[in-house]
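Notes to accompany the following structure.
The values are calculated or read from the model by the stated rules, or taken from the named source; none is laboratory data. Note that the structure is a prediction, hence the values are computed from the model and not measured. Neighbour counts run over all protein chains shown; Cβ positions are idealised from the backbone, glycine included. Protein only, heavy atoms only, side chains kept; ligands, DNA and RNA dropped before computing areas. Shrake-Rupley method; radii C 1.70, N 1.55, O 1.52, S 1.80 Å.
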Amino acid sequence: MVRKYSVKELLNKGKFFINQKVLVEGWIRSFRSSIFIILNDGSTIKNLQIILSKKLDKIIIKKITIGSSIRVIGIVKKSIGKKQYIELQSLDITIYESVNPEILQKSILQPKKHSFKKLREQAHLRFRTNIFSCIMRIRHHVAFCIHKYFHEHGFFYLHTPIITTSNCEGTGKMFQITTMDFKNKPIDYEKDFFKCKTYLSVSGQLEAETASLGLGKVYTFGPVFRAENSNTSRHLSEFWMIEPEIAFYHLEENINLAEDFLKFIIKYIIENSIEDLVFLNQYLEKWNEKKKNYLLEKLELILKFPFKKISYTEAVKILDQEKNVKFLHPITWGMDLQSEHEQYLVDKYFKIPVIVFDYPCSIKAFYMRINDDGKTVRAMDVLFPEIGEIIGGSQREERYDILLKRMKDTNTDENKLWWYLDTRRFGSVPHSGFGLGFDRLVQFITGMNNIRDVIPFPRTPNNAEF
């Protein structure tokens, strides 16, 4: 029986397959001179060249079209061409499904440049394009190494609820879920499935905190949902979050963990996705007028220097003293840093990633630990080049009385979160955590301008297709 291999396996170990009979399957990327097939199966950005037999039936040749799926048995030979080390001389070819050339002309599989907007309109086909297959393979490796990092550092993976009754952040709109008919108003929640108002979760943090106070180190990695009508290149209505929570951790340790974690991911991707990164770099250089090696240099910058750590007050002072830049939002102490402020600190002033800590309590969530000054909380944000905030976290408020007061001051319903408050009565300890937007990290790594181009099926305002 002839053994089947992926295109990646054959190309990576080409010299070991010379003169061997193998089986390979995939989709035709191009077909020229009625003899050369360029085949790809999604395992790698690279393609395998198939040489058809000159004796092949002309009826079969007519069925060989771009996009068609095929099965080939052949002999691996060292290629006489310079573009590839090996090629496959076919002995037998089976066509699973041909693609009508007229249909192909109307699709994104037609071999020419298409806009990212056009690719999104045919999201069910874009996995077959070079650019999107690259992004998806990198996305996989980022997800894998996140689990690898936490596993190697003694964390336990936790699945937190998607259905919730509370808003972790206390701000923003949530998607409400119900089994009731909205035409009958008001809704009688006593007859609803959960007998109360329920929503799609915006974060698993609060549940993860309770787990950390028994397991020590935990992390979540799952989908979250936000109903803000933010139709921008940086926002999704459904996205993925990574949220570690660690008992006996202070803010300084939390900051160090965030930096180490991000550097581990970037290093892993450079080492394990270099083919896809090089392709993306060439793409960005050609079509987006980015400089040569732009993507790799940007990623290597993350590894090259320690992140700059400054307090919010120091950041405001730097921004306020800058007279040569006119910000759209003039900076004052107490306001939240806007994207223009974050990008100035990272891209212009320090030119490396920045971690800002000790934010005013008035702009941060109720669960963040108040500092001794009574004005600031033990919060921190990690700011990256180009995209700004990539991680937001804090040391959590572990003191029962102070947490209760903060909940009342921020109009947080203590009755709904009685269980969260209750954890502070059973051996409460200093603990910390942060949230990393997974899709935004993939966007940074791949250099994509729009976050919709790094997730398989984007969910945004007015768009839930596919």
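Side notes on the structure shown:
- Subset of Lys78/Lys291; Lys83/Lys291; Lys291/Lys326 violating a 29 Å alpha-carbon distance limit: Lys78/Lys291
- Residues in the range 450-466 reached by a label modelled at Ala143 [backbone nitrogen below 15 Å; 7 Å Cα→Cβ]: 454-459
- The range 80-166: trypsin sites (Lys or Arg not before Pro) in DSSP coil with no more than 12 other Cβ atoms inside 10 Å: Lys82, Lys83, Lys106, Lys112, Lys113
- The length gained on full extension between Asp92 and His153, counted as 0.36 nm times the residue separation minus their Cα-Cα distance, comes to 16.9 nm.
- Charge dipole of the range 378-444 (Cα centre as origin; +1 on each Lys and Arg Cβ, -1 on each Asp and Glu Cβ, all else neutral): 300 debye, rounded to the nearest 20.
- Given R0 = 25 Å, the distance between the Cβ atoms of Ile318 and Ile363 translates into a calculated FRET efficiency of 0.85.
- Calculated FRET value between Glu300 and Glu102, using beta carbons and R₀ = 35 Å, to 0.05: 0.15
- Each Cα pair under 8 Å and six or more residues apart adds its separation to the average, and for the chain the resulting relative contact order is 13 percent.
- Extension gain (nm, one decimal) between Arg32 and Asp413, 0.36 nm per residue minus Cα-Cα: 130.4 nm
- Neighbourhood charge, 11 Å Cβ-Cβ cut-off, centred on Ile331 and excluding it, Lys, Arg +1 and Asp, Glu -1: -3
- Each residue, Asp57 and Ile18, gets one label point 7 Å from its Cα in the Cβ direction; the gap between the two is 3.5 nm.
- Of the chymotrypsin sites (Phe, Trp or Tyr not before Pro) found in the range 264-332, the ones in coil according to DSSP and having at most 15 other Cβ atoms within 10 Å of their Cβ are Phe327.
- Cross-link partners of Lys106 among lysines, defined as those whose alpha carbon lies under 18 angstrom from its own and excluding same-chain residues fewer than eight positions apart: Lys117, Lys118.
- A 1.4 Å probe run over the protein chains yields, for the chain, 51 Å² of accessible area per residue, whole-number rounding.
- Contact order normalised by residue count of the range 170-251, Cα under 8 Å, 6+ apart, percent: 30
- Straight-line reach from Lys290: taking Cα to Cα under 16 Å and skipping same-chain neighbours fewer than 8 places apart, the lysines in range are Lys298.
- The relative contact order of the range 87-144 comes to 20 percent, based on Cα pairs under 8 Å that sit 6 or more residues apart.
- Share antiparallel - DSSP beta bridges, the chain, percent rounded to 5: 90
- Using a Förster distance of 41 Å, the FRET efficiency for Ser79-Gln176 (Cβ separation, nearest 0.05): 0.10
- Of the chymotrypsin sites (Phe, Trp or Tyr not before Pro) found in the range 382-447, the ones in coil according to DSSP and having at most 12 other Cβ atoms within 10 Å of their Cβ are Phe426.
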